[in-house]
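Some notes on the structure that comes next.
The values are calculated or read from the model by the stated rules, or taken from the named source; none is laboratory data. Nothing here was measured: the structure is a model prediction, and the numbers come from that model. Cβ atoms come from the backbone with ideal geometry, glycine included; neighbour counts cover every protein chain shown. For the accessible areas, the whole protein counts, side chains as well, though only heavy atoms, and no ligand, DNA or RNA atoms are used. Shrake-Rupley method; radii C 1.70, N 1.55, O 1.52, S 1.80 Å.
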Amino acid sequence: MRSITLIIVHCSANKAGSALRMADIDRYHRSLGWKCCGYHYVIPTDGSIEIGRPEEMVGAHCVNHNKYSIGVCYIGGLAADGITPADTRTEAQKHALKSLLTDLQRRYPNALIVGHCELDYRKPHCPGFSVAELRRSN
Ligand SMILES: [Zn+2]
């Protein structure tokens, strides 16, 4: 098993209420020539926790940080106009994210939970809410 020091939270940059699921991201990422969905977990608006790629496989979601991280992505992140960054998480997504992160934290106690924006200044709006705040509230 690879060593995991970061759990990175993303949004998919889709507008609020998007019906996208892991299979759609998987299809898109394969179309880019990737092996499969770049994230390890995808959380659609209904709050399901869908597995993208296996945890033991290096992800494709955060430049320079894939090797030691797990990538988690919720569907959404843009307001209804499809442009303005926003925290569009449904209650079901918030609940699912919390339980997934709790599980990952338990299994990787040395890993830090961060938002994509904390690692890449070119992604200032990913995931659209403060993961630092979420860390503090845990
Ligand atoms: Zn991201």
Check: Which condition breaks for Arg89 when tested against (1) open to solvent by 20 Å² or more (accessible area, probe 1.4 Å); (2) free of Cβ contacts under 8 Å to residues at least 24 places away in the same chain?
Finding: (2)
Margin query: Of all residues being more than 10 Å from the ligand (Cβ to nearest atom) and not in a helix (DSSP H, G or I) in region 123-138, which is most open to solvent (accessible area, probe 1.4 Å)? Just the residue, please.
Written below: Asn138
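In region 26-50, what residues are in contact with a His (Cβ under 7 Å, 6 or more places away or on another chain), under 15 Å from Ile70 (Cα atoms) and more than 15 Å from the ligand (Cβ to nearest atom)?
The first filter runs over region 26-50 and keeps only residues in contact with a His (Cβ under 7 Å, 6 or more places away or on another chain), leaving 36-39, 47.
Retained after the next criterion (residues that are under 15 Å from Ile70 (Cα atoms)): 36-39.
The one that is in contact with a His (Cβ under 7 Å, 6 or more places away or on another chain), under 15 Å from Ile70 (Cα atoms) and more than 15 Å from the ligand (Cβ to nearest atom): Cys36.
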Margin query: Restricting to region 80-122, name every residue that is over 18 Å from Gly59 (Cβ atoms), small (Gly, Ala, Ser) and within 16 Å of the ligand (Cβ to nearest atom).
Written below: Ala86
Margin query: The conditions are (1) more than 13 Å from Ile8 (Cβ to Cβ); (2) open to solvent by less than 50 Å² (accessible area, probe 1.4 Å); (3) touching a strand residue (DSSP E or B) at 6+ places or on another chain (Cβ under 9 Å); (4) of a type outside the set (Ser, Thr, Tyr), and Gly47 fails exactly one of them. Which is it?
Written below: (3)
Next item on the list: For region 85-117, name all the residues that are under 13 Å from the mean Cα position of the chain (by Cα) and part of a helix (DSSP H, G or I).
Entry: Gln93, Lys94, Ala96, Leu97, Lys98, Leu100, Leu101, Leu104, His116, Cys117
Item checked: Selection status of Ala23, away from the ligand (no atom under 16 Å from the Cβ) and either farther than 25 Å from Pro124 by Cβ or surrounded by fewer than 20 Cβ atoms within 10 Å (Cβ to Cβ) (or both) -> yes
